[in-house]
Ligand SMILES: Cc1cc2nc3c(=O)[nH]c(=O)nc-3n(C[C@H](O)[C@H](O)[C@H](O)COP(=O)(O)OP(=O)(O)OC[C@H]3O[C@@H](n4cnc5c(N)ncnc54)[C@H](O)[C@@H]3O)c2cc1C
């Protein structure tokens, strides 16, 4: 069955679950009227379904190749990219001053998911550019903005992010790449970067690398890192791509999946770069890009989850096997029904969390109010980790629904799992996201978390009269989350870290219950959304209890188990 982008689901979420009306009511986003939003979602769905989805298999079967130092992309990717660029989909949320549409991030988030569900490997390219655009808008000099932003926004040039080095993965502060002042406003950048997504292509005029490197007086660790714009071709005096810079793609990785996305080892040999932001302020600038990309990568997980779900459902509607309790296909078996129901329920949760996070980012942009900044910051690691975990879990369940055919490559079910697996690793592993949630995002003593828990409880309370069977468990689960948060903020950091992944998942489970409750309340208990909410609250929400127990274990038992015990 061909992929169908979930435009209607986004419309429902924006209208009834995540409070997009608040965003549209701000002066900043006044142009995002319901008609306009609906037209954009429909148009993006059309392009995703008709232009991008047919490319997905090409990327898997014909990976990007390095030929004589030049990357050759998968068949059809150049045309797909052209459609994305010409449709204006790269610069949706970018500033109109530089050619962007200035739309809410909520809309970009929805469109990105649709593009990712149709062809994840290609969608990673504009995702990188979007992050770079945002980082430049916030941190670059006017000269860099004037030169690079219009090209990145139009898609004539592509953007990448270069953090990782062999000895510096999660620990970015360990990077060794160097930058030396050339004395003419430029810097000479030297070093090796690994795993660089879309480091080159054969369809854009130029590739703009944002590279983290250390100036000679940069202190060790993250505080001594600076950020540089290092283009593949150095723009000439007219802003056109000119001479080649001193950088090259050394090799492309052979990966488990996402084959259509070239992942490169990059070598910089005194390449010409321009400082972005302040000297030694690179991490602050890069964080702008990373936060954007984190929500985007969470969206990649949701995208694949949706596609894998649709694929599995379609198979289950056709495959006949055994005597089912209902109908003639395996969809009539209780266990297959359970798998599909849980997949659909979790896709909804992951999407709602991402949409709520995107709406908070928009409110932060539009109002500058600290409570929205705190809400966006709190939700970002949850959106990234739960979105990508859901991608992996749903893709693997999708294989299970297919039975043996799921293990056979031709069905495409396995590609979803292979492609999505990396999303829990890049842009900060999900373990690092969880640690961010329990440490940095709790530096306020839990205030942002409590504000959200208060909101959930108040909403559940308001639904108790109409749908008590759903509202009651949601309220109780929110109380457990509150107690767990109270316990957590009192602990030493390593005790928090030991329970971080469980805590993040518990948070997502409770948020999921809240958003399902909103959906059931809007659509009615006796509706598809009401029935799905009932399944979620009865079957998946209870997991929050055992997750709370795990979150509160502390680290002692983990260290009581010695390294020798693990080896024995
Ligand atoms: C396909 C692909 C594309 C990528 N694209 C890009 C890109 O475009 N640009 C870029 O710069 N990078 C990119 N990366 C790199 C990616 O961001 C890193 O792989 C990731 O940050 C993890 O770093 P690492 O691989 O060195 O793993 P490590 O940091 O070695 O981590 C190994 C394990 O240890 C855990 N761990 C590490 N430190 C801690 C800690 N302090 N506390 C607890 N646990 C910890 C991790 O969670 C993980 O489970 C890409 C990677 C891949 C595979």
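The values are calculated or read from the model by the stated rules, or taken from the named source; none is laboratory data. What you see is a predicted model; the values in this text were computed from it and never measured. Note that each Cβ is placed from the backbone with ideal geometry, even for glycine, and that neighbours are counted across all protein chains shown.
Structure data summary
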quantity: Single residue of segment 134-169 satisfying the filter (under 14 Å from residue 84 (Cβ atoms) and assigned to a helix (DSSP H, G or I)) that is nearest to the ligand (Cβ to nearest atom); calculated: 152
quantity: Breaking point among (1) farther than 20 Å from residue 172 by Cα; (2) surrounded by 15 or more Cβ atoms within 10 Å (Cβ to Cβ), for residue 268; calculated: (1)
quantity: Qualifying residue in segment 231-240 (condition: at positive phi, within 13 Å of the ligand (Cβ to nearest atom) and either in contact (Cβ under 8 Å) with a residue 12 or more places away in the chain or not in a helix (DSSP H, G or I) (or both)); calculated: no
quantity: Failed item, numbered, when residue 280 is tested on (1) within 16 Å of the ligand (Cβ to nearest atom); (2) crowded, with 16+ Cβ neighbours inside 10 Å; (3) at pLDDT 95 or above; calculated: (1)
quantity: Residue check, residue 545 farther than 21 Å from residue 455 by Cβ, touching a residue at least 60 places away in the same chain (Cβ under 8 Å) and either in contact with a helix residue (DSSP H, G or I) (Cβ under 6 Å, 6 or more places away or on another chain) or surrounded by 19 or more Cβ atoms within 10 Å (Cβ to Cβ) (or both); calculated: no
quantity: Residues being within 8 Å of the ligand (Cβ to nearest atom) and surrounded by fewer than 16 Cβ atoms within 10 Å (Cβ to Cβ) - total across segment 170-205; calculated: 2
quantity: Some residue of segment 8-16 being outside any helix (DSSP H, G or I) and either closer than 12 Å to residue 106 by Cα or in contact (Cβ under 8 Å) with a residue 12 or more places away in the chain (or both); calculated: no
quantity: Qualifying residue in segment 248-265 (condition: surrounded by fewer than 17 Cβ atoms within 10 Å (Cβ to Cβ), in contact with a strand residue (DSSP E or B) (Cβ under 6 Å, 6 or more places away or on another chain), at negative phi and assigned to a strand (DSSP E or B)); calculated: yes
quantity: Residues being more than 14 Å from the ligand (Cβ to nearest atom), touching a helix residue (DSSP H, G or I) at 6+ places or on another chain (Cβ under 9 Å) and in a helix (DSSP H, G or I) - total across segment 395-425; calculated: 18
quantity: Any chance residue 355 is buried (at least 24 other Cβ atoms within 10 Å of the Cβ) and under 19 Å from residue 32 (Cα atoms); calculated: yes
quantity: Any hit, segment 377-394, residues being at pLDDT 95 or above, away from the ligand (no atom under 16 Å from the Cβ) and out of contact with any helix residue (DSSP H, G or I) (no Cβ under 8 Å at 6 or more places or on another chain); calculated: no
quantity: Filter pass, residue 439 being within 16 Å of the ligand (Cβ to nearest atom) and surrounded by 23 or more Cβ atoms within 10 Å (Cβ to Cβ); calculated: no
quantity: Residue list for segment 315-331, filter: under 34 Å from the mean Cα position of the chain (by Cα) and surrounded by 13 or more Cβ atoms within 10 Å (Cβ to Cβ); calculated: 315, 316, 317, 319, 330, 331
quantity: Residues within segment 188-224 that are in a strand (DSSP E or B) and within 19 Å of residue 175 (Cα to Cα), tallied; calculated: 16
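So that you can scan it fast, the table gives a plain yes or no per residue for (1) surrounded by fewer than 21 Cβ atoms within 10 Å (Cβ to Cβ); (2) away from the ligand (no atom under 16 Å from the Cβ); (3) not in a helix (DSSP H, G or I):
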position: 427; (1), (2), (3): no, no, yes
position: 433; (1), (2), (3): no, no, no
position: 451; (1), (2), (3): yes, yes, no
position: 456; (1), (2), (3): no, yes, no
position: 469; (1), (2), (3): yes, yes, no
position: 474; (1), (2), (3): no, yes, no
position: 477; (1), (2), (3): no, yes, no
position: 482; (1), (2), (3): yes, yes, no
position: 494; (1), (2), (3): yes, no, no
